[in-house]
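A short write-up of the structure that comes next.
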Amino acid sequence: MRKTVVLTGYGYRIGKRSNLIVIWDKSGRKIELSTGNVGRIIAFARGLSISGDALKLILRHNIRFIIVSRSRPLGMLHSFRRSAPVKLIKEQVYAQNDGRAIYIAKTIIYGKLSNQINILRWLRRGRFRRRRFESELLLESYMNIMDLRSRLSKMELDLDDYRSRLVNIEAEASRIYWNVISKILPPEIGFDGRRKRYERPRDVLNLSLNYLYTLLASEVWGSIELNGLDPWIGYLHIDSNRRPSLVMDLMEEFRQPVVDKSIIAYLLNYKGDYSKLVMDGRLSDDFLKELSKLFYESLKRKVTFNKYYAPIDSHVNRQARRLARYILGITSDYKPFNII
């Protein structure tokens with residue numbers, strides 16, 4: 001299994017020797033890594049330097065190189081495609097104008113609601129006897145999301161307005177989901193509802209979610225491109241020059257299994273001072289390192305989905321492949337990832 005290397009802090013230098021990646025920290029301490037053992041390198045941008053030879057080695061061996069700022073990933077380096085799957089990309093565009101678009105978008109939202117229900121059920125299991133009030137809140141909330149999911153399954157949609165109608169269902173489910181989570185978390189966390197990056201949240205959960213969702217987007221983006229899909233041609237999220245809509249579509253299936261479950265569990269079990277995880281409205285360097293570790297450990301968790309037992313990052317790749325096969329008409333259906 002190829003490992004993930006996380007370089008946090010200031011002043012890392014990356015070079016190469018023969019077929020090895022050589023990394024020095026600011027004190028001059030050196031480690032050497034075989035390219036065959038490395039799948040990803042995540043490097044914080046402050047004081048980072050990398051040689052051209054090291055870049056060539058990383059690209060030649062298809063190692064994902066992700067550059068991160070203090071609060072969020074900045075970008076991902078990967079090699080050019082060796083060939084272009086023209087037929088698949090054409091079908092992606094054609095699918096936006098027929099029933100495949102509605103089917104894909106509806107299926108993804110159905111899967112996301114199922115995952116939200118499963119997260120709330122998971123949280124309730126530990127509270128059924130000890131915290132009856134919280135248990136009842138969780139029960140009521142996931143029953144309400146189940147009602148929304150039932151409404152969704154019966155909806156007749158058309159191309160003119162399917163996106164807006166699905167987004168309304170998703171927004172209502174997310175409001176219920178995050179509202180009940182805000183009520184069961186320790187008040188010291190300061191979480192009173194979901195806030196995206198542009199809303200400038202200052203609590204540790206929202207800051208963590210925004211960081212981890214961006215890591216998830218980079219993971220999904222790599223899998224989409226690996227399977228020949230165009231990340232900018234999506235079905236649920238509207239096409240935009242600012243964000244890759246298919247990446248936003250596919251990552252909806254993995255928000256709860258990969259991010260929400262791991263960070264909620266971490267914060268519920270945390271024994272220290274929550275205020276030390278955030279400094280001046282930003283996540284501390286040590287906690288960023290811990291979050292990166294948490295994220296990639298979550299991706300390596302093995303689960304069975306569609307009769308296939310594998311790490312979740314392998315399922316991310318397989319879901320992109322399944323989506324491509326559905327778009328091409330090779331398969332007649334697409335099943336969203338729904339394992340918590």
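The table below lists the values:
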read-out	value
Filter pass, Ser298 being small (Gly, Ala, Ser), in contact (Cβ under 8 Å) with a residue 40 or more places away in the chain and either in contact with a helix residue (DSSP H, G or I) (Cβ under 6 Å, 6 or more places away or on another chain) or outside any loop (DSSP other than H, G, I, E, B) (or both)	yes
Every residue from the stretch 301-336 that is of a type in the set (Lys, Arg) and in a helix (DSSP H, G or I)	Arg318, Arg321, Arg322, Arg325
Extreme residue, nearest to Leu137 (Cα to Cα), among residues of the stretch 157-177 that are assigned to a helix (DSSP H, G or I) and among the acidic types (Asp, Glu)	Glu172
Test: residue in the stretch 94-106 that is in the same structural domain as Ser292 (by TED's automatic domain parsing), out of contact with any Phe, Trp or Tyr (no Cβ under 9 Å at 6 or more places or on another chain) and surrounded by 14 or more Cβ atoms within 10 Å (Cβ to Cβ)	no
Subset of the stretch 269-295 [part of a strand (DSSP E or B) and either of a type in the set (Lys, Arg) or free of Cβ contacts under 8 Å to residues at least 60 places away in the same chain (or both)]	Met279, Arg282
Scope the stretch 223-263; condition hydrophobic (A, V, I, L, M, F, W, C), part of a loop (DSSP other than H, G, I, E, B) and within 28 Å of His61 (Cβ to Cβ); matching residues	Leu229, Trp232, Phe254
Close pairs from the stretch 303-323: first of a type in the set (A, V, I, L, M, F, W, C), partner assigned to a strand (DSSP E or B), Cβ under 7 Å, at least 6 apart	Ala310/Lys302; Ile312/Val303
Strands (runs of 3 or more DSSP E) lying entirely in the stretch 13-72 (those with 2 or more residues that are surrounded by 14 or more Cβ atoms within 10 Å (Cβ to Cβ) and touching a residue at least 24 places away in the same chain (Cβ under 8 Å))	13-17, 20-24, 38-44, 64-68
Residues satisfying the stated conditions in the stretch 152-161, i.e. surrounded by 12 or more Cβ atoms within 10 Å (Cβ to Cβ) and either over 24 Å from the mean Cα position of the chain (by Cα) or of a type in the set (Val, Ile, Thr) (or both)	Met155, Leu157, Leu159
Candidates Glu219, Glu199, Glu172, Glu188, filtered to the one that is within 20 Å of Asn118 (Cα to Cα) and either acidic (Asp, Glu) or surrounded by fewer than 17 Cβ atoms within 10 Å (Cβ to Cβ) (or both)	Glu172
Filtered residues of the stretch 101-135 (kept if among the small types (Gly, Ala, Ser) and not in a helix (DSSP H, G or I))	Gly126
Pair list, Cβ < 7 Å and 6+ apart or interchain, from the stretch 147-160 residues that are farther than 16 Å from Ser114 by Cβ to residues that are at pLDDT 95 or above and part of a helix (DSSP H, G or I)	Leu157/Ile102; Leu157/Lys106; Leu157/Arg165; Leu159/Ala101; Leu159/Ile102
Condition check for Lys261: under 15 Å from Ser114 (Cα atoms), of a type outside the set (A, V, I, L, M, F, W, C) and in contact (Cβ under 8 Å) with a residue 60 or more places away in the chain	yes
Verdict on Asp249 being assigned by TED's automatic domain parsing to the domain that holds Arg318, acidic (Asp, Glu) and more than 16 Å from the chain's Cα centre (by Cα)	no
Matching residues in the stretch 191-213 - criterion: being in a loop (DSSP other than H, G, I, E, B) and free of Cβ contacts under 8 Å to residues at least 40 places away in the same chain	Phe191, Asp192, Gly193, Arg194, Arg195, Lys196, Pro201
Hits in the stretch 222-237 - residues which are of a type in the set (Phe, Trp, Tyr) and crowded, with 18+ Cβ neighbours inside 10 Å	Tyr235
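The values are calculated or read from the model by the stated rules, or taken from the named source; none is laboratory data. This one's a predicted model, so the numbers in the text were calculated from it and none came from an experiment. Positions of Cβ are generated from backbone atoms using ideal geometry, with glycine treated the same way; all protein chains shown enter the neighbour counts.
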